[in-house]
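Peer 1: Quick one: this structure, given as structure tokens, is what I'll be asking you about.
The values are calculated or read from the model by the stated rules, or taken from the named source; none is laboratory data. Not measured: the values here are computed from a predicted model. Cβ placement follows ideal geometry from the backbone for every residue including glycine, while neighbour counts extend to all protein chains displayed. All accessible areas refer to the heavy atoms of the entire protein, side chains included, with ligands and DNA or RNA removed. Shrake-Rupley method; radii C 1.70, N 1.55, O 1.52, S 1.80 Å.
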Amino acid sequence: MLGTVLLLLALAKPVCTSLAAAASQRAEALKRLLEVFGMEDPPPPPAHFKQPPQYMVDLFNTVANADGVTKNPDILEGNTVRSFLDKTHGEKMRFLFILSSVAKNEKILTAELHLFRLWPRATDGPKRHHFCQVSVYQVLEKNEPDTPGGKKLLAARLVSLQGSGWEVFAITQAVRDWTEDESSNQGLLVTVQGLGGSPLDPPPLQFASSRDHHESKKPMLVLFTDDGRRGASLPMASFSGGSHAPWHGAAIPLPLTGPRSTRSLDRLQPCQRHPLSVDFEEIGWSGWIISPRGYNAYHCKGSCPFPLGENMRPTNHATVQSIINALKLSEGVSSPCCVPDKLYSINLLYFDDDENVVLKQYDDMVAGSCGCH
């Protein structure tokens, strides 16, 4: 009996070791994948169901297709768009946005205050005004914003008193001040005045507040930034043919799988692009990624035999290498490798650690075509 138990334990030990090794490898692979997306740890999913701002959803759909692949690389200013909701929950026309999630290396390109203009209230008697002046101030003194030195004008313009909709004000310099010195962030003050600059009481124009109105109309700060990661992906030379690289841009070492005869057959096929599905739900990231649910990264696989035809999209160097290899003119020279020769960026719309919605663009994530290099 004891001998049987010892035998079972001896057989179970390699299995446990193998499972532990597989779990460790998966953890390391996901860590490396997070590095590709510029993160150390995955953000936690929102504690409660949260609808992303429609502006951010619309922006994602403008910039990317359903798989997240960039439609036009020139649409987006920078490579990151961050949205922040107002945190005052109190005073009307006073707004505060917490910017702690903005990384120190991010360059602020443009900052916009988005306010939803409500339908004007019905008033007795004839309407005397069709426009009013809306001014946005950076608050310098938290408890004395109405004093001459207590605020700084950021933007001002005439706004129609007819209809409703979003009004956008540029406040870039204030946000740059806040990111340089977090303690200087005392919020924003918005005033409504008549055409001559006189106060209107009650003001004929009201903006939706974070406390009293629907999520879709809440005041929002939108930042267009660049984190300096453009062009920071791994060079093409780091790919050994691409046929076994599961994530383009992250050199995750995984063992070869499948029968030897299958891999030999792959090498006999000409160099071409093959599907490579990245499923965020399968990875365990679906809780914080809003869009896309996954994407097709594609990968390059196949041989680059002599002579290289134009359909192989060879470089001049690959053509020369192919000739030297075929003629055995130099020892140790292999045939060219099948690798991506055109790469596209993808976009992620996701919740960050503070449950703010972020749109970020990542370069060189999809193999657009393959060639012999």
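Peer 1: Looking at (1) open to solvent by 40 Å² or more (accessible area, probe 1.4 Å); (2) modelled with pLDDT of 90 or more, can you tell me which one THR319 breaks?
Peer 2: Of (1) open to solvent by 40 Å² or more (accessible area, probe 1.4 Å); (2) modelled with pLDDT of 90 or more, only one is false for THR319: (2).
Peer 1: Considering each residue of the range 49-107, count those that are assigned to a loop (DSSP other than H, G, I, E, B), of a type in the set (D, E, K, R) and within 20 Å of GLN206 (Cα to Cα), and give that number.
Peer 2: 4
Peer 1: Report, ordered by the first and then the second residue, all pairs with beta carbons closer than 8 Å, sequence separation of six or more or different chains, a first member in the range 23-41 that is open to solvent by 40 Å² or more (accessible area, probe 1.4 Å) and modelled with pLDDT of 80 or more, and a second member that is in a loop (DSSP other than H, G, I, E, B) and among the aromatic types (Phe, Trp, Tyr).
Peer 2: ARG32/TRP247
Residue-by-condition table, conditions (1) touching a Ser or Thr at 6+ places or on another chain (Cβ under 6 Å); (2) open to solvent by less than 40 Å² (accessible area, probe 1.4 Å); (3) outside any helix (DSSP H, G or I):
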residue: LEU308; (1), (2), (3): yes, yes, yes
residue: ILE323; (1), (2), (3): no, no, no
residue: SER330; (1), (2), (3): no, no, yes
residue: VAL333; (1), (2), (3): no, no, yes
residue: SER369; (1), (2), (3): no, yes, yes
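Peer 1: Now for a different question. Looking at (1) part of a loop (DSSP other than H, G, I, E, B); (2) surrounded by 15 or more Cβ atoms within 10 Å (Cβ to Cβ), which is the one condition that is false for SER286?
Peer 2: (2)
Peer 1: Now for a separate question. Taking SER264, is it among the small types (Gly, Ala, Ser) and either at pLDDT 85 or above or under 30 Å from ARG82 (Cα atoms) (or both)?
Peer 2: So SER264 fails the test.
Peer 1: Could you look through the range 104-147, keep only residues that are small (Gly, Ala, Ser) and under 18 Å from ASP86 (Cα atoms), and pick out the one that is modelled with the highest pLDDT?
Peer 2: Of everything passing the filter in the range 104-147, ALA111 is modelled with the highest pLDDT.
Peer 1: Taking only the range 51-60 into account, find how many residues are of a type outside the set (A, V, I, L, M, F, W, C) and either touching a Pro at 6+ places or on another chain (Cβ under 9 Å) or surrounded by 14 or more Cβ atoms within 10 Å (Cβ to Cβ) (or both).
Peer 2: Selection size over the range 51-60: 3.
Peer 1: Restricted to the range 135-169, and to residues that are of a type in the set (A, V, I, L, M) and open to solvent by 60 Å² or more (accessible area, probe 1.4 Å), which residue is nearest to LEU113 (Cα to Cα)?
Peer 2: LEU153
Peer 1: Looking at TYR350, TYR344 in this structure, which one is among the aromatic types (Phe, Trp, Tyr) and in contact with a Pro (Cβ under 8 Å, 6 or more places away or on another chain)?
Peer 2: Only one candidate qualifies: TYR350.
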